[in-house]
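Report on one structure; see the data block that follows.
Just so it is clear, none of the values below were taken in a lab; they were calculated from the coordinates. On a predicted model such as this, the values are computed, not experimentally measured, just so you know. Cβ atoms come from the backbone with ideal geometry, glycine included; neighbour counts cover every protein chain shown.
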Ligand SMILES: Cc1ncc(COP(=O)(O)O)c(C=O)c1O
């Protein structure tokens, strides 16, 4: 809320934009003449995670002495490895010296880091350093990609999926209004992924779109697409002339041999962009670092390389990731650093195993949790916000209601395996005593 009391701009704002009169010191009814962006108006409800935080706050007010365990928002909990934190601290200290000070960096990210990413994650896939764009996180790059595509595009998404694909699509103006009955936006192709199709969409029933967002392992279902399934997705894009935006934010959690990158699939470089992140690999949710790969071979219908436009977007709308975060990213990809961050990934995977066993012992069907830090738990015939509320009320555990990830999530809750081990064990005990 705009607070006027000591703000010298108040009079100017009042004079220039509104003829309404206001009580001195009270401009709560002040309005500009600027119309609200209709695309923002079209967005449904609150973004899922702030809504979860709001419900948690209400719960804490109601039960001030309860020990709330957070298995809702997918945020990492374990401390950074020392080798990673030290590299950032050293870099920051260097900035306080004449020789170590640096200003703006390369918009696309430091050469060392781009090279390290290409070698660590795309070895033998023919991805070159110049095709890697270092960013401040995958979520920011998803929006920058939407800006690149513009409002005149159609998209397909897995249903359920990470909310940023749909919300950024609505914000950029690609969609129509939401249909009340289905809860789906017009002009988005929802690719249903549930137990009935083993969480992989029926591509024969999927309409052609310009862009296909595809996340593997999928957040929230935890399903990692097999090689054969990804071959189908690439073939589908080739046949339709679409671009895949492949989100591999959880790729390091894959241990069953499924591909960790779309570029493991022959032909993908001509049809796919890949976004990824240090957030869940290296505990960088707060440090902020990610990357996007745009292969030089990926072309628009007029033969213009997509990479050239993405460079332009990055230079105009971003200006490069923090040098300090990049120093940390580089350290996390060193031999010592990578061993350390993977041991954190292993910790979360063991948490997932504990939770999976817990839900199974309750006789519930829980999916995911093997190649991903998320469990997708089915409560047939229920409403996911009701399940969320009931679990919170009875156990003081925060989960995430499946409906927040798309209409197909209405009978599910997502449970994250990010947490301290003692909290996961306690959550397991509380859940086991739960009789829903
Ligand atoms: C599938 C997926 N993509 C992207 C992101 C965002 O990653 P970042 O923290 O790098 O913005 C998340 C975060 O939860 C995610 O689940």
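Annotations
- Some residue of the stretch 278-294 being part of a loop (DSSP other than H, G, I, E, B), in contact with a helix residue (DSSP H, G or I) (Cβ under 9 Å, 6 or more places away or on another chain) and more than 30 Å from residue 102 (Cα to Cα): no
- Residues that are assigned to a loop (DSSP other than H, G, I, E, B) and more than 19 Å from residue 219 (Cβ to Cβ) within the stretch 161-182 comprise 173, 174, 175, 176, 177, 179, 180, 181, 182, listed in sequence order.
- Test: residue in the stretch 178-194 that is more than 14 Å from the ligand (Cβ to nearest atom) and on the phi > 0 side of the Ramachandran plot: yes
- Enumeration of residues in the stretch 147-160 that are in a strand (DSSP E or B) and crowded, with 24+ Cβ neighbours inside 10 Å: 155, 156, 157, 158
- Each residue in the stretch 109-131 was checked for being outside any helix (DSSP H, G or I) and touching a helix residue (DSSP H, G or I) at 6+ places or on another chain (Cβ under 6 Å), and 3 pass.
- Of note, residue 200 satisfies the criterion of being under 27 Å from residue 290 (Cα atoms), more than 16 Å from the ligand (Cβ to nearest atom) and within 20 Å of the chain's Cα centre (by Cα).
- All positions within the stretch 54-67 that are exposed (fewer than 15 other Cβ atoms within 10 Å of the Cβ) and either in contact (Cβ under 8 Å) with a residue 60 or more places away in the chain or under 24 Å from residue 284 (Cβ atoms) (or both): 63, 66, 67
- Test result for residue 311, within 11 Å of the ligand (Cβ to nearest atom), in a helix (DSSP H, G or I) and in contact (Cβ under 8 Å) with a residue 60 or more places away in the chain: no
- Scanning the stretch 112-146 for residues that are within 16 Å of the ligand (Cβ to nearest atom) and either loosely packed, with under 15 Cβ neighbours inside 10 Å or closer than 17 Å to residue 270 by Cα (or both) yields 132, 145.
- Failed condition for residue 212, given (1) in contact with a strand residue (DSSP E or B) (Cβ under 8 Å, 6 or more places away or on another chain); (2) crowded, with 24+ Cβ neighbours inside 10 Å; (3) part of a loop (DSSP other than H, G, I, E, B): (3)
- Remark: pairs (first residue in the stretch 126-153, more than 17 Å from residue 319 (Cα to Cα); second residue within 12 Å of the ligand (Cβ to nearest atom); Cβ separation under 8 Å; 6+ apart in sequence or on different chains) = 146/168.
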